[in-house]
Amino acid sequence: MTEKQVIHAMTKSLLSVGSEIRQLRKARQMTLKALSHSSGVSLSHLSAIERGTAQPSMDVLNSVAAALSVTPDWFFARRSGAGPMEQACVVRAQNRRNLNSLYQQDARELGYTDALLSSSIGGDFYMGMSVYEPKSDQQDDALLKHTGEIHAFLVEGELEVQIADEVIVLLAGDSYSCDASIPHRACNRSDRIARLIWAISPVVIPKDVQHSEAGTSKAAKAER
């Protein structure tokens, strides 16, 4: 690799890490100042990192990741491809990113696993796939609510969806859309796996999403 190629690769890496930090910070609805306060990293240094003009040390990356409730590897998305558009826009199946790491809850707690299908969380909406194992359910049977709207399509299996007080059974090929501020949940009570493709707008992935339980609420780290 030539010196020019090395410099280009380093610049590209810096821009990528900075962009990932900025995207997640915005999805968490945190200002640069708030992230600086939570991470202990100076505002000017954070700003330079997000712009791709400063290289963060591992200590800084660890501090920023902790403030955003992720592990540092979230900032290093695997982007394979021959050309720049393929690398920027295409997500190969083996490179899908695990969204449960953002929620800080695993399949046992949530009743499903989520994978990011979009190439980034930097747009006006993001798309993902939920996989519900047979007879899977959330541990606390709570309804969730958050800002925005949901559009979803059941690719495989059978899924029980509750929106407000109404329980609906979806079969493969069915879809639904709803205001995400309406309490809702989904579970797989069948003996087969269920796969749900979904899109949510806006891109808001807070650390806490409200659970609605018999007129009360509690915080939970989950998106849907």
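The distance from the alpha carbon centre of region 52-76 to that of region 114-183 is 30 Å, rounded to a whole number.
Here's the list of aspartates and glutamates a cross-link from LYS145 could span, going by alpha-carbon distance under 16 Å and ignoring same-chain residues fewer than 8 apart: ASP165, GLU166, ASP179, ASP208, GLU213, GLU223. Relative contact order of region 94-220: 29 percent, from C-alpha pairs under 8 Å at least 6 residues apart in sequence.
Can you tell me how much longer the chain between THR113 and PHE76 gets when fully stretched, taken as 0.36 nm per residue apart minus their C-alpha distance, in nm with one decimal?
Numbers: separation 37, 0.36 × 37 = 13.32 nm, distance 2.05 nm.
Net length gain for the segment: 11.3 nm.
The slack in the chain from GLN55 to GLU156, taken as 0.36 nm per residue of separation less the alpha-carbon distance, amounts to 32.0 nm. Taking only the C-alpha atoms of region 40-147, Rg followed by Dmax gives 16.7, 50 Å. Between SER44 and GLU133, what FRET efficiency comes out of the Förster formula 1/(1 + (r/R0)^6) with R0 = 45 Å and r the beta carbon distance, rounded to 0.05? Calculated transfer efficiency: 0.45.
Potential lengthening of the chain between HIS37 and ALA88 amounts to 15.2 nm, from the contour at 0.36 nm per residue minus the alpha-carbon distance.
None of the figures in this text is laboratory data; all of them are computed from the coordinates on show. Just so it is clear, the structure is predicted and the values come from calculations on it, not from any experiment. Virtual Cβ from ideal backbone geometry, glycine too; neighbours counted across all protein chains shown.
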